[in-house]
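Step one of this worksheet: look at the structure below.
The values are calculated or read from the model by the stated rules, or taken from the named source; none is laboratory data. Here the structure is a predicted model, which is why all the values come from computation and not from measurement. Virtual Cβ from ideal backbone geometry, glycine too; neighbours counted across all protein chains shown.
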Amino acid sequence: MARALERVGDRWTLLVVRDLLLGPRRFTDLMERMAGITAKSLTQRLRDLEADGLVEVDRVAGRREVWYRLSPAGKDLQPALEELLYWGMRHAFEPPRPDEPVHVEHVLRGLQLQLQRQGVDAGSVRWAVHAPTDNYILVGDGPRWELQIDQGSEALPDVTITGTRSALVRFLTTAPPPDPLPDDVEISGKRAAVRAFLKAIAVFPPVGAPVAARCRPSRHEHRYLHGVERRHGRPLHERRRTHRHTGADHFLHVEQPKTVADHIQGF
(Lines give C-alpha, C1' and ligand atoms only; values in the text may rest on other atoms or scores of the structure.)
Protein backbone atom coordinates (compact mmCIF):
# COMPACT_ATOMS: atom_id res chain seq x y z
CA MET A 1 0.00 0.00 0.00
CA ALA A 2 2.82 2.39 0.83
CA ARG A 3 4.32 2.04 -2.64
CA ALA A 4 0.91 2.49 -4.26
CA LEU A 5 0.33 5.67 -2.27
CA GLU A 6 3.72 6.99 -3.32
CA ARG A 7 2.41 6.97 -6.90
CA VAL A 8 -1.25 7.87 -6.54
CA GLY A 9 -1.75 9.04 -2.95
CA ASP A 10 -1.71 12.74 -3.78
CA ARG A 11 -5.14 14.41 -3.78
CA TRP A 12 -4.82 16.01 -7.20
CA THR A 13 -3.44 12.83 -8.75
CA LEU A 14 -6.52 10.86 -7.78
CA LEU A 15 -8.81 13.62 -9.02
CA VAL A 16 -7.07 13.64 -12.41
CA VAL A 17 -7.65 9.91 -12.69
CA ARG A 18 -11.28 10.41 -11.65
CA ASP A 19 -11.87 12.95 -14.40
CA LEU A 20 -10.33 10.70 -17.05
CA LEU A 21 -12.52 7.69 -16.23
CA LEU A 22 -15.25 8.70 -18.71
CA GLY A 23 -12.80 9.08 -21.56
CA PRO A 24 -10.04 11.28 -23.02
CA ARG A 25 -9.85 14.91 -21.93
CA ARG A 26 -7.93 17.99 -22.90
CA PHE A 27 -5.94 20.05 -20.43
CA THR A 28 -8.66 22.71 -20.40
CA ASP A 29 -11.33 20.06 -19.72
CA LEU A 30 -9.45 18.92 -16.63
CA MET A 31 -8.88 22.48 -15.40
CA GLU A 32 -12.60 23.14 -15.70
CA ARG A 33 -13.51 20.12 -13.57
CA MET A 34 -10.85 20.47 -10.88
CA ALA A 35 -11.71 23.61 -8.97
CA GLY A 36 -8.76 25.02 -7.06
CA ILE A 37 -5.90 23.44 -8.97
CA THR A 38 -3.37 25.67 -10.72
CA ALA A 39 -2.19 25.10 -14.27
CA LYS A 40 1.31 24.43 -12.94
CA SER A 41 0.10 21.78 -10.51
CA LEU A 42 -2.03 20.06 -13.14
CA THR A 43 0.85 20.04 -15.61
CA GLN A 44 3.11 18.39 -13.03
CA ARG A 45 0.48 15.77 -12.07
CA LEU A 46 -0.06 14.85 -15.71
CA ARG A 47 3.69 14.50 -16.25
CA ASP A 48 4.00 12.28 -13.18
CA LEU A 49 1.07 10.11 -14.24
CA GLU A 50 2.54 9.73 -17.71
CA ALA A 51 5.92 8.80 -16.27
CA ASP A 52 4.29 6.23 -13.99
CA GLY A 53 2.43 4.66 -16.91
CA LEU A 54 -1.04 5.60 -15.69
CA VAL A 55 -1.87 8.22 -18.33
CA GLU A 56 -1.23 8.16 -22.06
CA VAL A 57 -0.79 11.39 -24.00
CA ASP A 58 -2.04 11.89 -27.54
CA ARG A 59 0.15 14.49 -29.23
CA VAL A 60 -0.08 15.10 -32.96
CA ALA A 61 2.35 17.30 -34.84
CA GLY A 62 0.65 20.48 -36.02
CA ARG A 63 -2.32 20.04 -33.68
CA ARG A 64 -2.52 22.39 -30.72
CA GLU A 65 -4.81 20.19 -28.66
CA VAL A 66 -3.26 17.50 -26.50
CA TRP A 67 -5.51 14.72 -25.25
CA TYR A 68 -4.99 12.68 -22.12
CA ARG A 69 -6.43 9.22 -21.50
CA LEU A 70 -5.98 6.55 -18.89
CA SER A 71 -3.75 3.60 -19.62
CA PRO A 72 -4.94 0.09 -18.69
CA ALA A 73 -3.08 0.50 -15.38
CA GLY A 74 -4.84 3.81 -14.80
CA LYS A 75 -8.25 2.28 -15.51
CA ASP A 76 -7.49 -0.38 -12.91
CA LEU A 77 -7.80 2.37 -10.28
CA GLN A 78 -11.54 2.75 -10.92
CA PRO A 79 -12.69 0.26 -8.23
CA ALA A 80 -10.48 1.97 -5.63
CA LEU A 81 -11.82 5.40 -6.57
CA GLU A 82 -15.39 4.15 -6.39
CA GLU A 83 -14.78 2.82 -2.89
CA LEU A 84 -13.36 6.19 -1.84
CA LEU A 85 -16.33 8.00 -3.36
CA TYR A 86 -18.84 5.69 -1.68
CA TRP A 87 -17.09 6.04 1.67
CA GLY A 88 -17.11 9.83 1.27
CA MET A 89 -20.82 9.91 0.45
CA ARG A 90 -21.64 7.87 3.55
CA HIS A 91 -19.29 9.53 6.02
CA ALA A 92 -18.21 12.94 4.74
CA PHE A 93 -21.00 14.27 2.52
CA GLU A 94 -22.06 17.89 2.88
CA PRO A 95 -24.43 19.79 0.58
CA PRO A 96 -22.51 22.10 -1.75
CA ARG A 97 -22.12 25.64 -0.46
CA PRO A 98 -23.72 28.37 -2.61
CA ASP A 99 -20.28 29.60 -3.70
CA GLU A 100 -18.75 26.14 -4.11
CA PRO A 101 -17.92 25.20 -7.73
CA VAL A 102 -19.24 21.66 -8.12
CA HIS A 103 -19.28 20.05 -11.55
CA VAL A 104 -22.47 18.22 -12.49
CA GLU A 105 -20.39 15.28 -13.77
CA HIS A 106 -19.11 14.60 -10.26
CA VAL A 107 -22.63 14.66 -8.84
CA LEU A 108 -23.85 12.28 -11.54
CA ARG A 109 -21.00 9.90 -10.76
CA GLY A 110 -22.11 9.87 -7.13
CA LEU A 111 -25.73 9.27 -8.17
CA GLN A 112 -24.71 6.43 -10.47
CA LEU A 113 -22.66 4.77 -7.74
CA GLN A 114 -25.43 5.12 -5.16
CA LEU A 115 -28.01 3.62 -7.52
CA GLN A 116 -25.64 0.73 -8.20
CA ARG A 117 -24.75 0.05 -4.57
CA GLN A 118 -28.35 0.22 -3.40
CA GLY A 119 -29.48 -2.12 -6.15
CA VAL A 120 -32.08 0.30 -7.48
CA ASP A 121 -33.91 -1.42 -10.35
CA ALA A 122 -35.79 0.98 -12.63
CA GLY A 123 -35.81 -1.45 -15.54
CA SER A 124 -34.04 -0.63 -18.78
CA VAL A 125 -33.78 3.17 -18.84
CA ARG A 126 -31.79 6.00 -20.36
CA TRP A 127 -31.77 9.36 -18.58
CA ALA A 128 -30.19 12.29 -20.39
CA VAL A 129 -28.74 15.19 -18.40
CA HIS A 130 -28.07 18.33 -20.42
CA ALA A 131 -26.10 21.30 -19.15
CA PRO A 132 -25.03 24.20 -21.40
CA THR A 133 -21.71 22.59 -22.44
CA ASP A 134 -21.99 19.04 -21.06
CA ASN A 135 -24.31 16.19 -21.99
CA TYR A 136 -24.48 12.89 -20.15
CA ILE A 137 -26.47 9.67 -20.25
CA LEU A 138 -27.21 7.60 -17.17
CA VAL A 139 -28.04 4.09 -18.33
CA GLY A 140 -29.85 1.61 -16.12
CA ASP A 141 -30.14 -2.08 -16.92
CA GLY A 142 -31.92 -3.61 -13.96
CA PRO A 143 -29.68 -2.99 -10.92
CA ARG A 144 -26.66 -2.14 -13.11
CA TRP A 145 -25.93 1.54 -13.79
CA GLU A 146 -23.43 3.29 -16.03
CA LEU A 147 -22.63 6.95 -16.60
CA GLN A 148 -21.64 7.89 -20.15
CA ILE A 149 -20.88 11.00 -22.13
CA ASP A 150 -23.80 11.67 -24.47
CA GLN A 151 -22.32 11.54 -27.96
CA GLY A 152 -25.60 11.87 -29.81
CA SER A 153 -26.80 8.29 -29.78
CA GLU A 154 -29.84 7.51 -31.90
CA ALA A 155 -31.49 5.84 -28.90
CA LEU A 156 -33.95 8.31 -27.39
CA PRO A 157 -33.77 8.91 -23.63
CA ASP A 158 -36.72 8.03 -21.43
CA VAL A 159 -36.23 11.19 -19.38
CA THR A 160 -34.31 14.37 -20.14
CA ILE A 161 -33.19 16.74 -17.39
CA THR A 162 -32.04 20.13 -18.62
CA GLY A 163 -30.63 23.05 -16.67
CA THR A 164 -27.65 25.14 -15.78
CA ARG A 165 -24.80 23.39 -14.01
CA SER A 166 -25.51 25.05 -10.69
CA ALA A 167 -29.25 24.34 -10.93
CA LEU A 168 -28.68 20.68 -11.75
CA VAL A 169 -26.24 20.33 -8.86
CA ARG A 170 -28.75 21.88 -6.44
CA PHE A 171 -31.56 19.70 -7.77
CA LEU A 172 -29.62 16.44 -7.53
CA THR A 173 -27.99 17.10 -4.15
CA THR A 174 -31.15 18.12 -2.32
CA ALA A 175 -32.94 15.29 -0.53
CA PRO A 176 -35.57 14.86 -1.81
CA PRO A 177 -35.13 17.10 -4.88
CA PRO A 178 -36.83 20.45 -4.31
CA ASP A 179 -40.40 21.17 -5.21
CA PRO A 180 -41.15 23.56 -6.74
CA LEU A 181 -38.28 23.11 -9.14
CA PRO A 182 -36.03 26.06 -9.85
CA ASP A 183 -36.85 27.94 -13.01
CA ASP A 184 -33.66 26.74 -14.69
CA VAL A 185 -34.37 22.99 -14.40
CA GLU A 186 -36.74 21.16 -16.74
CA ILE A 187 -37.72 17.49 -16.76
CA SER A 188 -39.31 15.99 -19.85
CA GLY A 189 -40.54 12.51 -20.64
CA LYS A 190 -43.61 10.33 -20.38
CA ARG A 191 -45.43 10.41 -17.07
CA ALA A 192 -44.49 6.86 -16.03
CA ALA A 193 -40.85 7.39 -16.99
CA VAL A 194 -40.58 10.63 -15.02
CA ARG A 195 -42.26 9.00 -12.05
CA ALA A 196 -39.74 6.13 -12.15
CA PHE A 197 -36.87 8.62 -12.37
CA LEU A 198 -38.04 10.64 -9.37
CA LYS A 199 -38.58 7.50 -7.32
CA ALA A 200 -35.14 6.12 -8.17
CA ILE A 201 -33.15 9.25 -7.30
CA ALA A 202 -34.78 9.42 -3.86
CA VAL A 203 -31.83 7.33 -2.62
CA PHE A 204 -29.42 10.18 -3.38
CA PRO A 205 -27.67 11.81 -1.63
CA PRO A 206 -27.37 9.23 1.20
CA VAL A 207 -27.74 11.74 4.01
CA GLY A 208 -29.85 11.92 7.14
CA ALA A 209 -32.58 9.30 6.92
CA PRO A 210 -31.66 5.62 6.58
CA VAL A 211 -31.56 4.37 3.02
CA ALA A 212 -34.59 2.13 3.57
CA ALA A 213 -36.68 5.15 4.48
CA ARG A 214 -35.35 7.21 1.59
CA CYS A 215 -36.36 4.48 -0.88
CA ARG A 216 -40.04 5.11 -0.17
CA PRO A 217 -41.87 7.15 -2.84
CA SER A 218 -40.66 10.72 -2.74
CA ARG A 219 -42.96 13.66 -2.21
CA HIS A 220 -42.74 14.24 -5.97
CA GLU A 221 -44.10 10.80 -6.80
CA HIS A 222 -46.63 10.92 -3.97
CA ARG A 223 -48.24 14.02 -5.42
CA TYR A 224 -48.29 12.59 -8.95
CA LEU A 225 -49.98 9.44 -7.70
CA HIS A 226 -52.60 11.46 -5.85
CA GLY A 227 -53.52 13.80 -8.65
CA VAL A 228 -51.27 16.85 -8.46
CA GLU A 229 -52.49 17.71 -11.94
CA ARG A 230 -56.02 18.22 -10.61
CA ARG A 231 -54.75 20.67 -8.01
CA HIS A 232 -52.50 22.51 -10.42
CA GLY A 233 -55.24 24.97 -11.36
CA ARG A 234 -55.83 26.16 -7.80
CA PRO A 235 -54.27 29.36 -6.52
CA LEU A 236 -50.88 28.67 -4.95
CA HIS A 237 -51.88 29.99 -1.54
CA GLU A 238 -54.93 27.69 -1.55
CA ARG A 239 -52.78 24.63 -2.23
CA ARG A 240 -50.45 25.67 0.54
CA ARG A 241 -53.32 26.02 3.04
CA THR A 242 -54.62 22.61 2.03
CA HIS A 243 -51.34 20.95 2.94
CA ARG A 244 -51.08 22.82 6.21
CA HIS A 245 -54.56 21.57 7.08
CA THR A 246 -53.57 17.97 6.39
CA GLY A 247 -50.32 18.32 8.27
CA ALA A 248 -48.15 17.45 5.27
CA ASP A 249 -44.76 19.01 4.61
CA HIS A 250 -44.84 22.64 3.46
CA PHE A 251 -43.23 21.89 0.14
CA LEU A 252 -44.88 24.74 -1.77
CA HIS A 253 -43.41 28.22 -1.50
CA VAL A 254 -45.24 31.39 -2.45
CA GLU A 255 -42.11 33.04 -3.80
CA GLN A 256 -41.64 30.25 -6.39
CA PRO A 257 -45.01 29.56 -8.04
CA LYS A 258 -43.82 26.93 -10.48
CA THR A 259 -44.35 23.33 -9.41
CA VAL A 260 -42.86 20.11 -10.68
CA ALA A 261 -45.93 19.64 -12.87
CA ASP A 262 -45.03 22.82 -14.74
CA HIS A 263 -41.75 21.24 -15.78
CA ILE A 264 -42.99 17.76 -16.66
CA GLN A 265 -43.80 17.52 -20.35
CA GLY A 266 -45.07 14.80 -22.65
CA PHE A 267 -47.75 13.29 -20.37
Quiz item: Which of the residues belonging to region 100-122 are of a type in the set (D, E, K, R), surrounded by fewer than 17 Cβ atoms within 10 Å (Cβ to Cβ) and either within 17 Å of the chain's Cα centre (by Cα) or assigned by TED's automatic domain parsing to the domain that holds Leu14 (or both)?
Solution: Glu100
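Just checking, which of Ala212, Ala193, Ala155, Ala175 is out of contact with any Phe, Trp or Tyr (no Cβ under 7 Å at 6 or more places or on another chain), over 28 Å from Val17 (Cα atoms) and at pLDDT 95 or above? Reasoning before the result, please.
Working: Ala212 fails: at pLDDT 95 or above; Ala155 fails: at pLDDT 95 or above; Ala175 fails: at pLDDT 95 or above.
Ala193 is the lone residue from the list that is out of contact with any Phe, Trp or Tyr (no Cβ under 7 Å at 6 or more places or on another chain), over 28 Å from Val17 (Cα atoms) and at pLDDT 95 or above.
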Self-check item: Close pairs (7 angstrom Cβ cut-off, 6 or more residues apart or separate chains): free of Cβ contacts under 8 Å to residues at least 24 places away in the same chain in region 133-151, acidic (Asp, Glu) anywhere
Solution: Asn135/Asp150; Ile137/Asp150; Val139/Glu146; Gly142/Asp121
Exercise. Filter region 31-84 down to the residues that are farther than 25 Å from Leu147 by Cα and among the aliphatic types (A, V, I, L, M), then identify the one that is modelled with the lowest pLDDT.
Key: Ala61
Exercise. Identify, by number, the condition in (1) crowded, with 17+ Cβ neighbours inside 10 Å; (2) part of a loop (DSSP other than H, G, I, E, B) that Ala35 doesn't meet.
Key: (1)
Exercise. Being over 23 Å from Pro206 (Cβ atoms) and not in a helix (DSSP H, G or I) narrows it down to one of Asp183, Asp121, so name that one.
Key: Asp183
Quiz item: Here are some conditions: (1) within 29 Å of Glu100 (Cβ to Cβ); (2) surrounded by fewer than 14 Cβ atoms within 10 Å (Cβ to Cβ); (3) out of contact with any strand residue (DSSP E or B) (no Cβ under 9 Å at 6 or more places or on another chain). Ala61 meets all but one. Which one does it not meet?
Solution: (1)
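Can you give me the number of residues within region 57-100 that are hydroxyl-bearing (Ser, Thr, Tyr) and part of a helix (DSSP H, G or I)?
The number of residues fulfilling the criteria is 1.
Looking at Val66, Val125, which is the one that is in the same structural domain as Gly163 (by TED's automatic domain parsing) and either touching a strand residue (DSSP E or B) at 6+ places or on another chain (Cβ under 9 Å) or within 17 Å of Gly163 (Cα to Cα) (or both)? Reasoning before the result, please.
On the way: Val66 fails: in the same structural domain as Gly163 (by TED's automatic domain parsing).
Being in the same structural domain as Gly163 (by TED's automatic domain parsing) and either touching a strand residue (DSSP E or B) at 6+ places or on another chain (Cβ under 9 Å) or within 17 Å of Gly163 (Cα to Cα) (or both) holds for just one of Val66, Val125, which is Val125.
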